[in-house]
């Protein structure tokens, strides 16, 4: 029998920690697998083991019988699962499926509508047992219900449990929908002529068609993941360090999708001043404010029928997070100064190099927005994790640099090996910068190891500005930020230039708090 999760002495902080652990584990689960059987059963397991919401069951329509039955469960025997069949409107679970409203049974012994069909009362704790059922919704349509048992007297508030169950029910419905879309797409492909399909597979474009260079296993895993979801409209969240090529992968996803002929609109959330966010994203009507001499559609409207890429989503200000959440939920926008909602049809792709769960813990990112964005998380590998791709990347970028600067330089095998051995905290962006510096400063046509070492030596002193996660060797050469020195001015200026004036990001690059960063700017009269 599943744990009853008694914790009468638990503090509010303990309960929040359990809740955060549940959210983190579910996030990890969704990032690892698209197998709906595994994902949904493990969600029910986590609800029981971490929060004491026991004997979870997901009730869905059975097309063969015409009624509803338990299709996923944790803490129930096979016999109990087999007994869990309901007509729409029958019992508490059936009522939830028919009405779409949450049902809370405070005491199952006192509720005549509670059937005790799946689990008999003698198999439950002697304490007062409650039952909660939450509808599963897909685009406003009721597809089933999520039900759990709950001890009535427990440390966690009922409202907190309801909030978690609403989130989990949304994720269960999204998981089912995504798998349905994948199955439908697979079925359509299987109906094609076998010979034609094989021919198309042999002629399928490679990574290079989308400007993605490399043949490593890590890179191909990401590409296959993108191919899996490209034909759907599921929201994708690209995760990875700065400089790993998130925009390239976002464009590849767009070009592989049925929306390829419609616009691809990029929004850099870290580069737009906070007071301009709303007008940039949602647009404005003529006369909405001083200088609004004509109506202007926002980025969401500009991307109609296509894809909108929200880069650096972790930098989105909290007030705009609320407005973005509403847009994602309702699929409508309202221009500044406008009085009507405008329907939008866009694919959402977001990206960040920040730990969104940590920002949620700090109160800087909304949990509900996180779950809206984190439908299909895809982790992009750092360059140091796919070193075999460095030689083709060097050839690709050096060829572009030679053409741009009318040069004809190359690297000796030893010089190339120096680049392969370097940890690249700034990833591909840093590699491109180093190659450009080498090409411009080269005195001959063949770059030797000494020239590479000289340029990389300078990188060691500044690599903290290239990536929020510098290598050990790089970070050890950066001085402690104990004293304010005149030499700090150059570091701060470089960080501000790299982040286009975003002080929060610049402080992160220099491993300072924003308060420390502002303090140094004040002392240096910047």
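The values are calculated or read from the model by the stated rules, or taken from the named source; none is laboratory data. Given the structure is predicted, the values throughout are model-derived calculations rather than measurements. Virtual Cβ from ideal backbone geometry, glycine too; neighbours counted across all protein chains shown.
For the range 401-415, the set of residues classified as loosely packed, with under 14 Cβ neighbours inside 10 Å and either in a helix (DSSP H, G or I) or modelled with pLDDT of 95 or more (or both) consists of 403, 404, 405, 413, 414, listed by residue number.
Across the range 486-506, what is the number of residues that are over 19 Å from residue 313 (Cβ atoms), in contact with a helix residue (DSSP H, G or I) (Cβ under 6 Å, 6 or more places away or on another chain) and touching a residue at least 12 places away in the same chain (Cβ under 8 Å)? Qualifying residue count, the range 486-506: 3. Just one of (1) surrounded by 18 or more Cβ atoms within 10 Å (Cβ to Cβ); (2) touching a strand residue (DSSP E or B) at 6+ places or on another chain (Cβ under 7 Å) fails for residue 156. It is (2). Which condition number in (1) assigned to a strand (DSSP E or B); (2) over 21 Å from residue 239 (Cβ atoms) is the one that residue 309 fails? If we test residue 309 against (1) assigned to a strand (DSSP E or B); (2) over 21 Å from residue 239 (Cβ atoms), just (2) comes out false. The residue list 461, 491 contains one member that is modelled with pLDDT of 80 or more and either crowded, with 18+ Cβ neighbours inside 10 Å or in the same structural domain as residue 421 (by TED's automatic domain parsing) (or both), which is 491. The number of residues in the range 102-122 being loosely packed, with under 14 Cβ neighbours inside 10 Å and either touching a helix residue (DSSP H, G or I) at 6+ places or on another chain (Cβ under 8 Å) or modelled with pLDDT of 95 or more (or both) comes to 2. As an exercise: evaluate residue 456 against (1) modelled with pLDDT under 90; (2) surrounded by fewer than 16 Cβ atoms within 10 Å (Cβ to Cβ) and give the number of the one condition it does not meet. The failed condition is (2).
For the range 377-387, does any single residue satisfy the condition of being within 22 Å of residue 170 (Cβ to Cβ) and under 33 Å from the mean Cα position of the chain (by Cα)? Taking every residue of the range 377-387 in turn, at least one turns out to be within 22 Å of residue 170 (Cβ to Cβ) and under 33 Å from the mean Cα position of the chain (by Cα).
Looking at the range 92-191, the strands (runs of 3 or more DSSP E) lying wholly inside it that each contain 2 or more residues that are assigned by TED's automatic domain parsing to the domain that holds residue 26 and over 22 Å from residue 50 (Cα atoms) sit at 129-138, 141-151. I'd like to check something: does the range 341-348 contain any residue that is in contact with a helix residue (DSSP H, G or I) (Cβ under 8 Å, 6 or more places away or on another chain), closer than 20 Å to residue 170 by Cβ and part of a strand (DSSP E or B)? Checking the range 341-348: at least one residue is in contact with a helix residue (DSSP H, G or I) (Cβ under 8 Å, 6 or more places away or on another chain), closer than 20 Å to residue 170 by Cβ and part of a strand (DSSP E or B).
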